[in-house]
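*Asks:* The following block contains the structure, expressed as structure tokens.
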Amino acid sequence: MKTQAVALDAFADPSRELLGKVGFGKVSVLRQPQRPQALPLPAMPELPPRVDMVMHHADGDPVLFNAAVAAGARGIVLIGTGAGNATPEIVQAVREAVARGVLVALTTRVPAGPVTEIYTHGGAVDIVAAGAVPTGTLRAGQARIAVLSALLATDDPAEQARVLRAALSEEDPALVDA
């Protein structure tokens, strides 16, 4: 991810060790990144599906989340606090949106570390149980692209969630087409 606006070394992965180093006339590769296979490139509709990002804060209510649904969002990236937490009111809004066929992904505003299901009472445990897909270490902009890809892959909401989960995991992407 981009971690600095204008520096020469502006890109990093704050959640993992370095991939390598460049210096003293040589490149040292320290580890190989693990990447899932790319999703098949779908046909692009005239207008892409709307995917909104909604930032949560400690005492946030579901007004902005519900406004995104009302505006026609087919996907929403919920940016939680901490390990991917919100409030019980947000959990209910996620549950209702998913029931309407909206693909909801859960990320965190914290710069490093994964979304982790460790808290209830509006935490990631409850948000994921309500139907949101946790995005691991992807941050909002990255998660938005993943959600858009899943929406373009199929029109079936359950299949969209499965495609998104497969793209974010070690799952065999070939199973997505099965």
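*Asks:* Quick check on my filter: what residues within the range 85-113 are more than 15 Å from V147 (Cβ to Cβ) and crowded, with 19+ Cβ neighbours inside 10 Å?
*Replies:* N85, A86, T87, I90, V91, A93, T108
*Asks:* Which residue pairs have Cβ atoms under 8 Å apart, sit 6 or more places apart or on different chains, and have a first residue in the range 97-114 that is in contact (Cβ under 8 Å) with a residue 60 or more places away in the chain and over 16 Å from R162 (Cα atoms) and a second that is outside any strand (DSSP E or B) and of a type in the set (G, A, S)?
*Replies:* Correct list of pairs: A112/S15; G113/S15; G113/A83; P114/S15; P114/A83; P114/G136.
*Asks:* Filtering the range 123-139 down to residues that are open to solvent by 20 Å² or more (accessible area, probe 1.4 Å) and in a helix (DSSP H, G or I), which residue is nearest to R74 (Cα to Cα)?
*Replies:* It comes out as V128.
*Asks:* Separate question: Regarding T107, is this residue of a type in the set (S, T, Y), at pLDDT 95 or above and either closer than 15 Å to D13 by Cα or touching a Pro at 6+ places or on another chain (Cβ under 9 Å) (or both)? Step through it out loud before you land on a result.
*Replies:* Values: of a type in the set (S, T, Y): yes; at pLDDT 95 or above: yes; either closer than 15 Å to D13 by Cα or touching a Pro at 6+ places or on another chain (Cβ under 9 Å) (or both): yes.
Against the criterion (of a type in the set (S, T, Y), at pLDDT 95 or above and either closer than 15 Å to D13 by Cα or touching a Pro at 6+ places or on another chain (Cβ under 9 Å) (or both)), T107 qualifies.
*Asks:* For the range 84-104, which residues satisfy the criterion of being touching a Gly at 6+ places or on another chain (Cβ under 7 Å) and of a type outside the set (K, R)? Before you say what the answer is, go through the steps one by one.
*Replies:* So the first thing to find is which residues in the range 84-104 are touching a Gly at 6+ places or on another chain (Cβ under 7 Å), and the list is 85-88, 90-91, 94-95, 98, 102-104.
Listed by number, the residues that qualify are N85, A86, T87, P88, I90, V91, V94, V98, V102, L103, V104.
The values are calculated or read from the model by the stated rules, or taken from the named source; none is laboratory data. Source: prediction; values computed, not measured. We place every Cβ from the backbone using ideal geometry, glycine too, and count neighbours over all the protein chains shown. For accessibility, only protein heavy atoms count, side chains too; no ligands or nucleic acids. Shrake-Rupley method; radii C 1.70, N 1.55, O 1.52, S 1.80 Å.
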